[in-house]
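Here the structure is laid out as structure tokens; the discussion comes afterwards.
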Amino acid sequence: MEEEYRILENSVKDFNSKYLDNIVLKIEKEGIPEQVRKAMLEQGFLGMVQLLDGNKVMDKKALSIIIEVLSTSSPSVAMEVFLTNVLFHKLADEQSINEVSQGIKRGTVAFAELMSGYDNENELHMESEKLIGTKKYVLNSDADLIIASATDGNLYIIKSGFKEIETHRKLGFRGLKFGKVEFNTKDYVKIGTKEDLVKAYEEAHPFITALAIGIAEGSLMKAIEYSKVRSAFGNLLKDFQPIAFPISMQYNELSMLKNSLYLALSNESETADILFLKMKSIELAKEITKNSIQVHGGYGYIEDYGVEKFYRDIMSLSVLLYNEEEEKKKLASKLYETEAGYI
Amino acid sequence: MDFEMDEEMISAINKAKEFAEKYFTEELADKMDREEQFPMELLNYSNREGLMDYSNPWKILVTIEELCRKDPGLGISTTVPAFGSEVLMLYGSDMLKEKYLDPVLKGQKIMGLAVTEPGGGSDVASSKTEAKLEGDYYILNGAKMFITNGGIADYFVVLARTSPPPSPDKRHRGMSVFIVESKWEGFKANKIHGKMGVRATNTAELVFENVRVPKENLVGEEGKGFYYIMTFFNISRIYVAAQGLGVAQGILDRLMEHIKKYGPVNSQGEPIENIQFKLAEIATRIEASRGLTYKAASYLFKFNPNPVLTSMAKYYSGETAILASKVAMEIMGLKALNSELERFYRDARILEIWEGTSEIEKLIISRMMLKGGK
Ligand SMILES: Cc1cc2nc3c(=O)[nH]c(=O)nc-3n(C[C@H](O)[C@H](O)[C@H](O)COP(=O)(O)OP(=O)(O)OC[C@H]3O[C@@H](n4cnc5c(N)ncnc54)[C@H](O)[C@@H]3O)c2cc1C
């Protein structure tokens with residue numbers, strides 16, 4: 001990794017230890033506190049602002065490092081950064097981007113319709129110039145600005161005239177609100193079409209990979225640390241093969257994926273490569289988070305140890321940001337250079 | 001060889017099904033999960049309707065399976081109030097049985113089993129809790145961790161060291177089992193909050209500070225406690241395997257329903273093959289777990305336990321339930337995320353941890369096999 005990215009990585013790690021590590025449980029229960037949000041703004045985590053040196057605009061690799069490192073500590077905070085930078089800023093109008101970057105408002109994107117299992121009885125639609133209806137499964141459903149598509153195929157940024165009417169169960173990302181939002185408003189701006197939303201999602205794959213890698217890493221580090229200090233039958237856990245072997249394999253697999261991601265981001269790799277990295281990262285993260293709980297024994301099952309949350313978060317991430325059937329179909333079709341894997 | 005169930009088992013299954021249908025409402029399951037509350041009222045209903053017939057272990061097994069199928073947290077809570085009672089059944093004096101076992105089996109009192117300590121659960125012989133004989137009492141000091149029913153039980157089966165191990169490789173010697181009442185002075189239970197799943201079950205840390213345990217509350221012989229507990233695990237693991245079966249089956253039920261309703265289907269209107277394969281794999285694993293569990297149970301219930309099969313059943317059914325929960329979440333996507341499946345996913349994860357982790361079960365399997373055991 002180049003020096004400038006190494007510095008960035010360390011500064012995000014410092015951010016974690018200063019602002020997040022001690023309050024991750026509190027974030028899970030009460031949401032992201034104001035002072036953390038302020039610090040995120042100051043660091044530029046909520047706006048595509050100068051980050052690396054004086055004038056350089058945040059690049060993809062830098063953003064992926066930020067998301068990944070935040071995710072090792074608080075996947076909820078990382079998800080907020082992801083939603084804001086990767087989806088919202090990509091789609092929003094300039095005024096909204098400025099407001100969100102400066103912390104005046106919070107923005108989110110309703111993207112769940114792109115995922116499997118989306119169901120909604122009263123989808124957002126246009127009626128006498130008003131946007132009426134609902135959006136389900138909205139992360140950050142208490143945001144001030146929501147980007148959402150309507151049945152007319154257009155994408156809108158909606159600035160007022162909506163409220164959360166139902167809170168969904170929260171398997172993961174408990175630091176963020178997650179619910180159904182009802183709209184009845186004329187306060188919107190058309191910013192594109194649903195195709196733009198699809199495109200934003202497709203371009204988000206590297207950052208979804210970063211989220212998954214961070215979750216895996218946060219969880220794996222806990223397992224490594226625990227196995228160095230906990231003993232059973234007179235030996236440290238790390239000395240048992242069924243503990244040390246999977247952990248070290250997972251560590252190396254994760255490092256490979258991480259390096260591949262950075263490489264892919266530096267080389268502007270093909271979408272299919274990134275898609276594959278995303279799948280592998282999510283699958284590996286599921287394996288790692290499951291095993292990390294196991295290494296902790298009973299303590300792994302208790303929130304205080306901060307390891308079970310990763311197991312919940314990765315499954316939420318998988319449901320919310322990974323359309324397995326569709327994405328595997330894409331890989332197969334690319335290989336065969338024709339439609340494949342649809343039966 | 002006959003794989004058919006007898007009338008009694010079938011009627012126990014039906015009874016459990018009806019019970020779960022009637023009392024395990026989604027509102028209750030969700031509330032107990034959110035608030036981490038033990039559903040005490042379910043015990044009253046269970047007693048009233050004679051749900052747990054301890055005279056027939058097969059009926060207990062299928063009842064656990066059926067209730068966990070409807071909801072793991074409520075299912076386990078309803079079937080766990082006599083946890084540890086088998087130790088008394090097998091080794092308790094008549095006096096202890098009359099005083100402690102009878103009210104537990106009648107549903108009047110709740111029991112728990114306290115083996116795990118903060119310093120270790122897998123390594124049972126490393127227990128630090130001590131009981132020193134002083135006159136007519138053992139003085140109990142120490143702490144136990146993650147004890148199911150810890151905050152609600154009246155009596156506990158407690159493993160404690162009564163004499164130092166004769167040598168480092170004989171650490172399992174010198175341990176004894178006692179019945180301890182939660183109302184005794186020096187006993188304290190601190191509820192453990194924040195479990196990922198099975199949040200309707202009550203879990204606590206127990207602290208014993210100079211608790212005076214009457215001599216007659218020693219179960220069986222002094223120094224044999226480790227063996228009693230290992231024998232107990234050979235029984236309880238069958239029931240945990242049944243929990244795994246129930247949880248996995250419950251997930252499969254919901255997954256099938258989902259696929260029938262929502263597909264996704266290919267152009268011939270059939271569910272796409274990737275999903276069919278996953279479904280087949282889960283269903284096969286469940287059936288294999290059931291075969292293992294029932295086979296292990298058939299040995300145990302004829303008083304001829306087979307620890308190899310028991311450990312196979314316990315770890316395999318737990319692993320299957322966890323895998324099923326993962327696959328179901330992946331296939332059902334958003335629909336699962338905002339449904340009871342999300343709870344099943346969290347609940348299932350305990351099954352490879354309690355009553356012996358999967359690693360410990362695998363070690364038992366290999367060691368017993370290599371020693372020529374069955
Ligand atoms: C909700 C809940 C309820 C519980 N209820 C009860 C109860 O009612 N009564 C009770 O006594 N206990 C209870 N337990 C405790 C449970 O049985 C223990 O958590 C479990 O046995 C593991 O012990 P531990 O947590 O100390 O993990 P450890 O023993 O510290 O193990 C940590 C990890 O190391 C692994 N490991 C240990 N030794 C080896 C080895 N030799 N080779 C390879 N891997 C190894 C383990 O498999 C595990 O993955 C409960 C636990 C929970 C979470």
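The values are calculated or read from the model by the stated rules, or taken from the named source; none is laboratory data. No experiment lies behind these values; they were computed from the predicted model shown. Neighbour counts run over all protein chains shown; Cβ positions are idealised from the backbone, glycine included.
Answer yes if at least one residue in the range B:294-316 is over 18 Å from A:Phe310 (Cα atoms), within 16 Å of the ligand (Cβ to nearest atom) and in contact with a Ser or Thr (Cβ under 7 Å, 6 or more places away or on another chain), and no otherwise. Yes; the residues of the range B:294-316 include at least one that is over 18 Å from A:Phe310 (Cα atoms), within 16 Å of the ligand (Cβ to nearest atom) and in contact with a Ser or Thr (Cβ under 7 Å, 6 or more places away or on another chain). Give the residues of the range A:148-168 that are in contact with a Leu (Cβ under 9 Å, 6 or more places away or on another chain) and crowded, with 16+ Cβ neighbours inside 10 Å, sorted by residue number. Scanning the range A:148-168 gives A:Ala148, A:Ser149, A:Ala150, A:Leu155, A:Tyr156, A:Ile157, A:Ile158, A:Lys159, A:Phe162, A:His168. Go through the range B:119-147 and give me each residue that's over 21 Å from B:Arg199 (Cβ atoms) and within 12 Å of the ligand (Cβ to nearest atom). Those that are over 21 Å from B:Arg199 (Cβ atoms) and within 12 Å of the ligand (Cβ to nearest atom): B:Gly119, B:Gly120, B:Ser122, B:Asp123, B:Val124, B:Ala125, B:Ser126, B:Ser127, B:Thr129, B:Ala143.
One line per residue, one yes/no per condition, for (1) within 30 Å of B:Val327 (Cα to Cα); (2) within 14 Å of another protein chain (Cβ to nearest Cβ); (3) at pLDDT 95 or above; (4) within 14 Å of the ligand (Cβ to nearest atom):
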| position | (1), (2), (3), (4) |
| --- | --- |
| B:Ala204 | no, yes, yes, yes |
| B:Tyr228 | no, no, yes, yes |
| B:Leu245 | yes, no, yes, no |
| B:Ile282 | yes, no, yes, no |
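Residues in the range B:322-374 that are part of a helix (DSSP H, G or I), within 16 Å of the ligand (Cβ to nearest atom) and polar (S, T, N, Q): B:Ser358, B:Ser366. Among the candidates A:Ala78, A:Ala143, the residue that is more than 14 Å from chain B (Cβ to nearest Cβ) and either touching a residue at least 60 places away in the same chain (Cβ under 8 Å) or assigned to a strand (DSSP E or B) (or both) is uniquely A:Ala78. Residues that are surrounded by fewer than 20 Cβ atoms within 10 Å (Cβ to Cβ) and within 15 Å of B:Glu130 (Cα to Cα) do occur in the range B:195-209, at least one of them.
Of the helices (runs of 4 or more DSSP H) lying entirely inside the range A:261-343, those containing at least 3 residues that are more than 12 Å from every other protein chain (Cβ to nearest Cβ) are A:271-295, A:324-336.
Matching residues to (1) in contact with a helix residue (DSSP H, G or I) (Cβ under 7 Å, 6 or more places away or on another chain); (2) not in a loop (DSSP other than H, G, I, E, B); (3) not aromatic (Phe, Trp, Tyr):
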| site | (1), (2), (3) |
| --- | --- |
| B:Gly75 | yes, yes, yes |
| B:Leu88 | yes, yes, yes |
| B:Lys99 | no, yes, yes |
| B:Asp102 | no, yes, yes |
| B:Gly107 | yes, no, yes |
| B:Ile139 | no, yes, yes |
| B:Phe146 | yes, yes, no |
| B:Gly151 | no, no, yes |
| B:Val157 | yes, yes, yes |
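One line per residue, one yes/no per condition, for (1) within 16 Å of the ligand (Cβ to nearest atom); (2) β-branched (Val, Ile, Thr); (3) assigned by TED's automatic domain parsing to the domain that holds A:Asp93:
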{"site": "A:Thr209", "(1), (2), (3)": "no, yes, no"}
{"site": "A:Ala212", "(1), (2), (3)": "no, no, no"}
{"site": "A:Glu225", "(1), (2), (3)": "yes, no, no"}
{"site": "A:Lys228", "(1), (2), (3)": "yes, no, no"}
{"site": "A:Phe233", "(1), (2), (3)": "yes, no, no"}
{"site": "A:Lys238", "(1), (2), (3)": "yes, no, no"}
{"site": "A:Met249", "(1), (2), (3)": "yes, no, no"}
{"site": "A:Ser281", "(1), (2), (3)": "no, no, no"}
{"site": "A:Thr289", "(1), (2), (3)": "yes, yes, no"}
